[in-house]
1. As a quick test, which of the pairs LYS345/LYS370; LYS79/LYS370; LYS58/LYS79; LYS306/LYS370; LYS297/LYS327; LYS236/LYS370 have an alpha carbon distance above 20 angstrom in this structure?
2. Run the accessible area of segment 284-385 with a 1.4 Å probe and give the carbon-and-sulfur part as a rounded percent.
3. Show the residues, 5+ positions off or on another chain, whose built amide H is closer than 5 Å to the amide H of ILE140.
4. All other residues with a Cβ under 12 Å from the Cβ of PHE234 taken together, and with Lys, Arg as +1 and Asp, Glu as -1, what is their net charge?
5. From the phi angles alone, apply the Karplus equation (6.51, -1.76, 1.60; θ = phi - 60°) to segment 351-359 and give each ³J(HN,Hα) in whole Hz, x where the residue is Gly or Pro.
6. Using the Karplus equation 6.51 cos²θ - 1.76 cosθ + 1.60 (θ = phi - 60°), what ³J(HN,Hα) coupling, rounded to whole Hz, does each residue of segment 222-236 give in order, writing x for Gly and Pro?
7. Segment 127-208: which trypsin sites (Lys or Arg not before Pro) are DSSP loop and have at most 11 other beta-carbon atoms within 10 angstrom?
8. Largest first, what is the accessible-area ranking of ILE19, ILE288 with a 1.4 Å probe?
Amino acid sequence: MLDYKGNLKSKLPKTGTSIFAVMTALANENNAVNLAQGFPDFACSNKLIDLVHQYMKKGFNQYAPMPGVMKLRERIAEKTELLYSAKYDPDKEITITPGGTHALFAAISAFVREDDEVIVLEPCYDSYVPAIQLNGGRPIFFELKYPDFKVDWNELKKLVNHKTKMIILNTPHNPSGTILNAQDMLKLQKLVQNTDVVILSDEVYEHILFDELEHQSVARFPQLAERSVIVSSFGKTYHTTGWKMGYVLAPANLTAEFRKVHQFMAFCANTPIQYAYADFLEDKDAYIGLPAFYQKKRDYFQKLIKGSRFKVMECKGSYFQLLNYSKITQEKDTEFAIRLTRENKIASIPVSVFYHKQIDNHVLRFCFAKSDETLQKAAELICKI
(Lines give C-alpha, C1' and ligand atoms only; values in the text may rest on other atoms or scores of the structure.)
Protein backbone atom coordinates (compact mmCIF):
# COMPACT_ATOMS: atom_id res chain seq x y z
CA MET A 1 0.00 0.00 0.00
CA LEU A 2 1.46 3.34 -1.07
CA ASP A 3 1.71 6.39 1.19
CA TYR A 4 2.21 10.04 0.17
CA LYS A 5 5.38 11.32 1.91
CA GLY A 6 4.86 15.02 1.33
CA ASN A 7 3.25 17.63 3.57
CA LEU A 8 -0.49 16.93 3.34
CA LYS A 9 -2.87 19.49 4.81
CA SER A 10 -6.51 18.57 4.44
CA LYS A 11 -8.95 21.20 3.16
CA LEU A 12 -11.70 19.39 5.09
CA PRO A 13 -9.90 18.18 8.24
CA LYS A 14 -13.13 17.48 10.16
CA THR A 15 -14.86 15.65 7.34
CA GLY A 16 -14.85 11.87 7.03
CA THR A 17 -16.80 9.42 4.90
CA SER A 18 -20.47 10.34 4.49
CA ILE A 19 -22.76 8.85 7.14
CA PHE A 20 -24.89 7.39 4.36
CA ALA A 21 -22.00 5.34 3.02
CA VAL A 22 -20.97 4.34 6.54
CA MET A 23 -24.41 3.08 7.57
CA THR A 24 -25.05 1.30 4.28
CA ALA A 25 -21.71 -0.49 4.59
CA LEU A 26 -22.59 -1.44 8.18
CA ALA A 27 -25.98 -2.70 7.04
CA ASN A 28 -24.38 -4.86 4.36
CA GLU A 29 -21.77 -6.16 6.80
CA ASN A 30 -24.46 -7.20 9.29
CA ASN A 31 -27.08 -8.35 6.77
CA ALA A 32 -29.47 -5.72 8.16
CA VAL A 33 -32.57 -4.25 6.57
CA ASN A 34 -31.33 -0.95 5.17
CA LEU A 35 -33.65 1.99 5.84
CA ALA A 36 -30.62 4.25 6.22
CA GLN A 37 -29.59 5.55 2.81
CA GLY A 38 -32.30 7.33 0.84
CA PHE A 39 -32.83 5.17 -2.20
CA PRO A 40 -35.75 2.98 -3.35
CA ASP A 41 -35.29 -0.78 -3.40
CA PHE A 42 -37.99 -1.23 -6.05
CA ALA A 43 -37.69 -0.91 -9.80
CA CYS A 44 -38.19 2.22 -11.85
CA SER A 45 -40.52 2.26 -14.85
CA ASN A 46 -39.81 -0.34 -17.53
CA LYS A 47 -40.89 2.24 -20.08
CA LEU A 48 -38.17 4.59 -18.87
CA ILE A 49 -35.53 1.84 -19.11
CA ASP A 50 -36.74 1.02 -22.61
CA LEU A 51 -36.43 4.67 -23.62
CA VAL A 52 -32.82 4.83 -22.40
CA HIS A 53 -32.01 1.65 -24.30
CA GLN A 54 -33.74 2.99 -27.38
CA TYR A 55 -31.65 6.16 -27.42
CA MET A 56 -28.45 4.22 -26.79
CA LYS A 57 -29.24 1.95 -29.76
CA LYS A 58 -29.97 5.02 -31.90
CA GLY A 59 -26.45 6.29 -31.19
CA PHE A 60 -27.11 9.09 -28.68
CA ASN A 61 -23.98 8.19 -26.76
CA GLN A 62 -21.69 11.20 -27.15
CA TYR A 63 -21.50 14.49 -25.24
CA ALA A 64 -24.76 16.34 -24.77
CA PRO A 65 -24.74 20.14 -25.04
CA MET A 66 -23.20 21.65 -21.90
CA PRO A 67 -26.52 23.13 -20.64
CA GLY A 68 -28.37 19.92 -21.44
CA VAL A 69 -30.49 18.45 -24.24
CA MET A 70 -32.87 21.18 -25.42
CA LYS A 71 -35.86 18.85 -25.66
CA LEU A 72 -35.49 18.00 -21.97
CA ARG A 73 -35.09 21.63 -20.96
CA GLU A 74 -38.27 22.47 -22.86
CA ARG A 75 -40.18 19.72 -21.05
CA ILE A 76 -38.91 21.01 -17.70
CA ALA A 77 -40.05 24.53 -18.60
CA GLU A 78 -43.51 23.18 -19.43
CA LYS A 79 -43.71 21.24 -16.17
CA THR A 80 -42.56 24.22 -14.11
CA GLU A 81 -45.16 26.51 -15.67
CA LEU A 82 -47.88 23.90 -15.21
CA LEU A 83 -47.11 23.33 -11.53
CA TYR A 84 -45.92 26.73 -10.33
CA SER A 85 -47.14 29.24 -12.95
CA ALA A 86 -43.51 30.23 -13.45
CA LYS A 87 -41.91 30.72 -16.86
CA TYR A 88 -38.26 29.80 -17.39
CA ASP A 89 -36.43 30.15 -20.70
CA PRO A 90 -35.17 26.66 -21.67
CA ASP A 91 -32.18 28.20 -23.45
CA LYS A 92 -30.91 30.61 -20.82
CA GLU A 93 -32.50 29.63 -17.51
CA ILE A 94 -32.50 25.80 -17.28
CA THR A 95 -29.42 23.58 -16.91
CA ILE A 96 -29.24 19.78 -16.72
CA THR A 97 -26.73 18.46 -14.18
CA PRO A 98 -25.28 15.06 -13.18
CA GLY A 99 -27.25 14.92 -9.96
CA GLY A 100 -28.56 17.31 -7.34
CA THR A 101 -25.41 17.26 -5.21
CA HIS A 102 -23.37 18.38 -8.21
CA ALA A 103 -25.84 21.21 -8.80
CA LEU A 104 -25.62 22.33 -5.17
CA PHE A 105 -21.82 22.34 -5.23
CA ALA A 106 -21.66 24.19 -8.54
CA ALA A 107 -24.12 26.83 -7.32
CA ILE A 108 -22.19 27.43 -4.11
CA SER A 109 -18.93 27.58 -6.06
CA ALA A 110 -20.37 30.08 -8.52
CA PHE A 111 -21.51 32.64 -5.95
CA VAL A 112 -19.67 32.16 -2.65
CA ARG A 113 -16.31 33.92 -2.27
CA GLU A 114 -13.72 34.07 0.49
CA ASP A 115 -15.31 35.13 3.82
CA ASP A 116 -18.85 35.32 2.40
CA GLU A 117 -21.44 34.13 4.91
CA VAL A 118 -23.97 31.46 3.97
CA ILE A 119 -26.94 30.81 6.24
CA VAL A 120 -27.58 27.09 6.67
CA LEU A 121 -30.76 25.80 8.32
CA GLU A 122 -29.98 22.79 10.50
CA PRO A 123 -30.43 19.85 10.48
CA CYS A 124 -29.22 19.86 6.88
CA TYR A 125 -28.06 17.64 4.04
CA ASP A 126 -24.39 16.88 4.53
CA SER A 127 -23.03 18.37 1.29
CA TYR A 128 -23.90 22.01 2.01
CA VAL A 129 -21.27 22.87 4.60
CA PRO A 130 -18.22 21.22 2.94
CA ALA A 131 -19.09 22.99 -0.32
CA ILE A 132 -19.21 26.35 1.48
CA GLN A 133 -15.92 25.70 3.26
CA LEU A 134 -14.11 24.53 0.13
CA ASN A 135 -15.03 27.85 -1.49
CA GLY A 136 -13.74 29.91 1.42
CA GLY A 137 -17.17 30.82 2.74
CA ARG A 138 -18.39 30.79 6.33
CA PRO A 139 -21.44 28.68 7.20
CA ILE A 140 -23.73 30.52 9.61
CA PHE A 141 -25.91 27.95 11.33
CA PHE A 142 -29.57 28.46 12.20
CA GLU A 143 -31.32 25.73 14.13
CA LEU A 144 -34.84 24.72 13.15
CA LYS A 145 -37.11 24.43 16.17
CA TYR A 146 -37.46 20.87 17.43
CA PRO A 147 -39.77 18.92 17.32
CA ASP A 148 -41.68 20.46 14.40
CA PHE A 149 -38.58 21.94 12.70
CA LYS A 150 -40.18 25.31 12.00
CA VAL A 151 -38.28 28.47 11.01
CA ASP A 152 -38.38 31.40 13.43
CA TRP A 153 -38.00 34.10 10.80
CA ASN A 154 -37.56 36.88 13.38
CA GLU A 155 -34.56 35.04 14.79
CA LEU A 156 -33.16 34.19 11.37
CA LYS A 157 -33.39 37.84 10.34
CA LYS A 158 -30.80 38.69 12.99
CA LEU A 159 -28.21 36.64 11.09
CA VAL A 160 -28.55 38.59 7.83
CA ASN A 161 -25.94 41.31 7.32
CA HIS A 162 -23.76 42.84 4.61
CA LYS A 163 -21.60 39.68 4.53
CA THR A 164 -24.54 37.36 3.86
CA LYS A 165 -24.19 36.05 0.32
CA MET A 166 -26.56 33.10 0.35
CA ILE A 167 -29.36 31.37 2.25
CA ILE A 168 -29.82 27.64 1.61
CA LEU A 169 -33.35 26.26 1.81
CA ASN A 170 -34.55 22.67 1.60
CA THR A 171 -38.25 21.90 1.17
CA PRO A 172 -39.57 19.25 1.53
CA HIS A 173 -36.89 18.86 4.13
CA ASN A 174 -34.32 16.12 4.59
CA PRO A 175 -34.05 14.75 7.25
CA SER A 176 -37.08 16.11 9.14
CA GLY A 177 -39.89 15.66 6.61
CA THR A 178 -41.18 19.17 7.31
CA ILE A 179 -42.10 21.66 4.57
CA LEU A 180 -42.07 25.42 4.08
CA ASN A 181 -45.52 26.91 3.44
CA ALA A 182 -46.60 30.02 1.55
CA GLN A 183 -46.34 32.18 4.68
CA ASP A 184 -42.76 31.05 5.16
CA MET A 185 -41.94 32.10 1.62
CA LEU A 186 -43.53 35.51 2.05
CA LYS A 187 -41.55 36.07 5.25
CA LEU A 188 -38.36 35.07 3.46
CA GLN A 189 -39.23 37.40 0.61
CA LYS A 190 -39.58 40.30 3.04
CA LEU A 191 -36.36 39.35 4.82
CA VAL A 192 -34.18 39.49 1.70
CA GLN A 193 -35.69 42.63 0.18
CA ASN A 194 -33.06 45.27 -0.64
CA THR A 195 -30.19 42.80 -0.21
CA ASP A 196 -27.85 40.97 -2.59
CA VAL A 197 -28.62 37.62 -1.00
CA VAL A 198 -28.88 34.64 -3.37
CA ILE A 199 -31.34 31.89 -2.42
CA LEU A 200 -30.19 28.33 -3.09
CA SER A 201 -33.38 26.28 -2.91
CA ASP A 202 -32.92 22.52 -2.66
CA GLU A 203 -36.24 21.15 -3.93
CA VAL A 204 -35.25 17.62 -4.88
CA TYR A 205 -38.32 16.20 -3.10
CA GLU A 206 -40.69 18.66 -4.79
CA HIS A 207 -43.15 15.94 -5.81
CA ILE A 208 -43.26 14.12 -2.47
CA LEU A 209 -45.73 15.94 -0.22
CA PHE A 210 -48.62 14.44 1.69
CA ASP A 211 -52.15 15.12 2.88
CA GLU A 212 -52.96 17.26 -0.20
CA LEU A 213 -50.31 19.85 0.67
CA GLU A 214 -48.83 21.77 -2.27
CA HIS A 215 -45.13 22.34 -2.78
CA GLN A 216 -44.30 26.01 -2.31
CA SER A 217 -41.40 26.37 -4.68
CA VAL A 218 -39.59 29.69 -4.63
CA ALA A 219 -40.51 29.72 -8.33
CA ARG A 220 -44.07 30.61 -7.27
CA PHE A 221 -42.88 33.90 -5.79
CA PRO A 222 -41.45 36.26 -8.46
CA GLN A 223 -39.48 38.40 -6.00
CA LEU A 224 -37.80 35.24 -4.69
CA ALA A 225 -37.45 33.57 -8.08
CA GLU A 226 -35.44 36.52 -9.42
CA ARG A 227 -32.69 35.84 -6.84
CA SER A 228 -32.98 32.04 -6.58
CA VAL A 229 -31.13 29.01 -7.88
CA ILE A 230 -33.54 26.05 -7.69
CA VAL A 231 -32.17 22.50 -7.62
CA SER A 232 -34.31 19.47 -8.45
CA SER A 233 -33.69 15.78 -9.06
CA PHE A 234 -34.99 13.23 -11.53
CA GLY A 235 -33.60 10.51 -9.28
CA LYS A 236 -36.03 11.25 -6.45
CA THR A 237 -38.98 11.64 -8.82
CA TYR A 238 -38.49 8.58 -11.01
CA HIS A 239 -36.83 6.11 -8.56
CA THR A 240 -33.52 6.36 -10.42
CA THR A 241 -31.09 7.77 -7.85
CA GLY A 242 -28.20 5.79 -9.38
CA TRP A 243 -28.53 7.63 -12.68
CA LYS A 244 -27.41 10.87 -10.98
CA MET A 245 -29.51 13.35 -12.95
CA GLY A 246 -30.79 16.73 -11.79
CA TYR A 247 -31.47 20.19 -13.08
CA VAL A 248 -31.25 23.85 -12.10
CA LEU A 249 -33.66 26.73 -12.65
CA ALA A 250 -32.33 30.29 -12.28
CA PRO A 251 -32.59 33.74 -13.89
CA ALA A 252 -30.41 34.15 -16.98
CA ASN A 253 -27.64 36.14 -15.30
CA LEU A 254 -27.41 33.68 -12.40
CA THR A 255 -27.55 30.76 -14.82
CA ALA A 256 -24.65 32.21 -16.82
CA GLU A 257 -22.47 32.22 -13.70
CA PHE A 258 -23.66 28.76 -12.66
CA ARG A 259 -22.77 27.32 -16.07
CA LYS A 260 -19.26 28.76 -15.90
CA VAL A 261 -18.60 26.44 -12.96
CA HIS A 262 -20.73 23.51 -14.12
CA GLN A 263 -18.86 23.23 -17.43
CA PHE A 264 -15.54 22.66 -15.66
CA MET A 265 -16.94 20.22 -13.10
CA ALA A 266 -18.66 17.84 -15.48
CA PHE A 267 -19.34 19.73 -18.72
CA CYS A 268 -22.57 17.81 -19.31
CA ALA A 269 -24.83 15.06 -18.04
CA ASN A 270 -25.61 11.61 -19.45
CA THR A 271 -26.91 11.94 -23.01
CA PRO A 272 -29.28 8.98 -23.63
CA ILE A 273 -30.85 9.38 -20.19
CA GLN A 274 -31.61 13.03 -20.94
CA TYR A 275 -33.48 12.08 -24.10
CA ALA A 276 -35.34 9.35 -22.22
CA TYR A 277 -36.45 11.73 -19.46
CA ALA A 278 -37.61 14.23 -22.08
CA ASP A 279 -39.97 11.66 -23.54
CA PHE A 280 -41.02 10.34 -20.13
CA LEU A 281 -41.96 13.82 -18.90
CA GLU A 282 -44.81 13.81 -21.40
CA ASP A 283 -46.56 11.41 -19.01
CA LYS A 284 -47.62 13.94 -16.37
CA ASP A 285 -49.24 11.27 -14.20
CA ALA A 286 -45.80 9.87 -13.38
CA TYR A 287 -44.95 12.91 -11.24
CA ILE A 288 -48.44 14.16 -10.38
CA GLY A 289 -49.24 10.75 -8.88
CA LEU A 290 -46.07 10.60 -6.78
CA PRO A 291 -47.54 12.17 -3.60
CA ALA A 292 -50.26 9.50 -3.40
CA PHE A 293 -47.71 6.75 -4.13
CA TYR A 294 -45.42 7.77 -1.28
CA GLN A 295 -48.21 8.73 1.12
CA LYS A 296 -49.44 5.16 0.87
CA LYS A 297 -45.96 3.96 1.86
CA ARG A 298 -45.68 6.50 4.70
CA ASP A 299 -49.07 5.51 6.09
CA TYR A 300 -48.33 1.81 5.72
CA PHE A 301 -45.00 2.11 7.54
CA GLN A 302 -46.53 4.20 10.32
CA LYS A 303 -49.33 1.66 10.75
CA LEU A 304 -46.88 -1.24 10.95
CA ILE A 305 -44.79 0.39 13.70
CA LYS A 306 -47.72 1.81 15.68
CA GLY A 307 -47.24 -0.72 18.48
CA SER A 308 -43.50 -0.08 18.84
CA ARG A 309 -41.77 1.85 21.63
CA PHE A 310 -40.70 4.54 19.18
CA LYS A 311 -42.57 7.83 18.89
CA VAL A 312 -43.61 8.52 15.30
CA MET A 313 -42.93 12.14 14.39
CA GLU A 314 -44.86 14.19 11.86
CA CYS A 315 -43.86 13.72 8.22
CA LYS A 316 -45.31 16.15 5.68
CA GLY A 317 -42.94 15.48 2.81
CA SER A 318 -39.85 13.64 1.51
CA TYR A 319 -39.55 9.86 1.95
CA PHE A 320 -38.03 9.91 5.43
CA GLN A 321 -39.72 9.12 8.73
CA LEU A 322 -38.22 10.32 12.02
CA LEU A 323 -38.66 8.16 15.09
CA ASN A 324 -37.89 9.34 18.62
CA TYR A 325 -36.49 6.61 20.88
CA SER A 326 -36.41 8.48 24.23
CA LYS A 327 -38.63 5.85 25.89
CA ILE A 328 -36.22 3.09 24.92
CA THR A 329 -32.77 4.39 25.88
CA GLN A 330 -30.77 7.53 26.52
CA GLU A 331 -27.86 6.36 24.37
CA LYS A 332 -26.37 8.76 21.85
CA ASP A 333 -28.19 8.44 18.56
CA THR A 334 -24.96 7.54 16.76
CA GLU A 335 -24.30 4.69 19.18
CA PHE A 336 -27.91 3.51 19.18
CA ALA A 337 -28.06 3.49 15.37
CA ILE A 338 -24.91 1.34 15.19
CA ARG A 339 -26.22 -1.03 17.88
CA LEU A 340 -29.57 -1.43 16.12
CA THR A 341 -27.78 -2.29 12.90
CA ARG A 342 -25.50 -4.85 14.52
CA GLU A 343 -27.84 -6.40 17.08
CA ASN A 344 -31.35 -5.81 15.73
CA LYS A 345 -30.50 -5.92 12.00
CA ILE A 346 -32.22 -2.64 11.14
CA ALA A 347 -30.22 0.31 9.76
CA SER A 348 -31.13 3.98 10.11
CA ILE A 349 -29.42 7.37 10.17
CA PRO A 350 -28.80 9.21 13.48
CA VAL A 351 -30.16 12.75 13.06
CA SER A 352 -27.40 14.40 15.11
CA VAL A 353 -25.03 14.00 12.13
CA PHE A 354 -27.08 16.63 10.29
CA TYR A 355 -26.00 19.27 12.86
CA HIS A 356 -22.54 20.85 13.12
CA LYS A 357 -22.72 20.57 16.92
CA GLN A 358 -24.11 17.02 16.80
CA ILE A 359 -27.34 18.02 18.57
CA ASP A 360 -28.90 14.82 19.85
CA ASN A 361 -32.69 14.72 20.34
CA HIS A 362 -32.71 10.91 20.41
CA VAL A 363 -34.13 10.69 16.91
CA LEU A 364 -33.33 8.32 14.03
CA ARG A 365 -34.22 8.74 10.34
CA PHE A 366 -35.74 5.83 8.44
CA CYS A 367 -36.28 5.78 4.66
CA PHE A 368 -39.67 4.40 3.61
CA ALA A 369 -38.97 4.47 -0.14
CA LYS A 370 -38.97 0.69 0.01
CA SER A 371 -41.08 -2.23 -1.14
CA ASP A 372 -43.93 -3.35 1.12
CA GLU A 373 -41.96 -6.52 1.84
CA THR A 374 -38.96 -4.51 3.05
CA LEU A 375 -41.16 -2.24 5.17
CA GLN A 376 -42.82 -5.31 6.73
CA LYS A 377 -39.44 -6.84 7.64
CA ALA A 378 -38.22 -3.51 9.01
CA ALA A 379 -41.37 -2.97 11.07
CA GLU A 380 -41.16 -6.46 12.60
CA LEU A 381 -37.62 -5.68 13.74
CA ILE A 382 -38.55 -2.23 15.04
CA CYS A 383 -41.50 -3.58 17.03
CA LYS A 384 -39.21 -6.08 18.79
CA ILE A 385 -36.90 -3.35 20.12
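1. Going by Cα-Cα distance, LYS79/LYS370; LYS58/LYS79; LYS297/LYS327 fall outside the 20 Å limit.
2. Looking at segment 284-385 in its full context, I get 49 percent from C and S.
3. VAL118, ILE119, VAL120
4. On the way: positive: ARG75, LYS79, LYS236, LYS244; negative: GLU206.
It works out to a net charge of +3.
5. For segment 351-359, the Karplus-derived couplings read 6, 4, 5, 8, 10, 6, 9, 6, 5 Hz, x marking Gly and Pro.
6. Rounded to whole hertz, the list is x, 6, 7, 4, 5, 10, 10, 10, 9, 10, 10, 9, 6, x, 6.
7. On the way: sites: LYS145, LYS150, LYS157, LYS158, LYS163, LYS165, LYS187, LYS190; in loops: LYS158, LYS163.
The qualifying sites are LYS158.
8. ILE288, ILE19
The values are calculated or read from the model by the stated rules, or taken from the named source; none is laboratory data. Everything numeric in this text was worked out from a predicted model, so none of it was measured. For neighbour counting, all protein chains shown are included, and Cβ atoms are generated from backbone atoms with ideal geometry for every residue, glycine included. Quick note on the areas: whole protein, heavy atoms, side chains included, nothing else; ligands and nucleic acids left out. Shrake-Rupley method; radii C 1.70, N 1.55, O 1.52, S 1.80 Å.
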